[in-house]
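Read through the structure below, which is laid out as structure tokens, and then see the notes.
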Amino acid sequence: MTADQLSTTFAALADPTRRAILARLATGERSVTELAEPFDMSMPAVSKHLRVLERAGLIARGREAQWRPCRIEAGPLEEVAKWTEGYRHLWEARLNRLESYLQTMKAKEKKHARKPRRK
């Protein structure tokens with residue numbers, strides 16, 4: 001996947017409506033009408049979102065008689081996963097340092113905690 005294609009994919013995923021559409025398609029094919037149901041927007045607006053997803057390669061539209069099913073295409077999402085995987089070591093290193101720091105703070109707090117007075 002080229003950098004430009006990766007940018008197109010990220011741009012398509014940047015919108016919460018498009019992410020919600022993809023989440024609905026993850027459970028199987030749906031018609032445009034079914035995809036539009038939960039959204040308070042016009043059908044032309046939903047169609048625009050679908051065109052963005054289609055240009056990014058995230059969905060494909062079929063044709064079965066009068067039914068126009070949409071389905072998710074996992075290829076671009078796999079490329080995003082591969083790209084982000086390259087940064088996993090950074091996240092893990094930072095989380096490990098944070099965990100170490102919190103353990104140090106917890107030990108200091110325990111060491112300096114006041115003991116209850118005896119009556």
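The table for this structure:
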| item | result |
| --- | --- |
| Candidates E85, E78, filtered to the one that is surrounded by fewer than 10 Cβ atoms within 10 Å (Cβ to Cβ) and under 20 Å from the mean Cα position of the chain (by Cα) | E85 |
| Residue pairs meeting the criteria (Cβ under 8 Å; at least 6 apart or on separate chains; first in contact (Cβ under 8 Å) with a residue 40 or more places away in the chain, in segment 45-72; second of a type in the set (D, E)) | V52/D15; G57/E73; L58/E73; P69/E29; C70/E29; R71/E29 |
| Residue check, Y87 under 30 Å from L53 (Cα atoms) and free of Cβ contacts under 8 Å to residues at least 60 places away in the same chain | yes |
| Options A81, A56; residue that is touching a helix residue (DSSP H, G or I) at 6+ places or on another chain (Cβ under 8 Å) and under 17 Å from S7 (Cα atoms) | A56 |
| Breaking point among (1) surrounded by 10 or more Cβ atoms within 10 Å (Cβ to Cβ); (2) of a type outside the set (V, I, T); (3) out of contact with any helix residue (DSSP H, G or I) (no Cβ under 7 Å at 6 or more places or on another chain), for L13 | (3) |
| Hits in segment 1-33 (condition: in contact with an Asp or Glu (Cβ under 7 Å, 6 or more places away or on another chain) and in a loop (DSSP other than H, G, I, E, B)) | M1 |
| Residues located in segment 30-40, provided they are in contact (Cβ under 8 Å) with a residue 12 or more places away in the chain and surrounded by fewer than 13 Cβ atoms within 10 Å (Cβ to Cβ) | P38 |
| Failed item in (1) touching a strand residue (DSSP E or B) at 6+ places or on another chain (Cβ under 8 Å); (2) surrounded by 15 or more Cβ atoms within 10 Å (Cβ to Cβ); (3) not β-branched (V, I, T), with A26 passing the rest | (2) |
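Conditions tested, residue by residue: (1) under 21 Å from the mean Cα position of the chain (by Cα); (2) part of a helix (DSSP H, G or I); (3) not aliphatic (A, V, I, L, M).
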position: L35; (1), (2), (3): yes, yes, no
position: P44; (1), (2), (3): no, yes, yes
position: K48; (1), (2), (3): yes, yes, yes
position: R51; (1), (2), (3): yes, yes, yes
position: G57; (1), (2), (3): yes, no, yes
position: R71; (1), (2), (3): yes, no, yes
position: H89; (1), (2), (3): yes, yes, yes
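Laboratory data are not the source of any read-out in this text; all were calculated from the coordinates shown. As the structure is a prediction and not an experimental result, all values here were calculated from the model. Please note: Cβ atoms are built from the backbone with ideal geometry, for glycine as well, and neighbour counts cover all protein chains shown.
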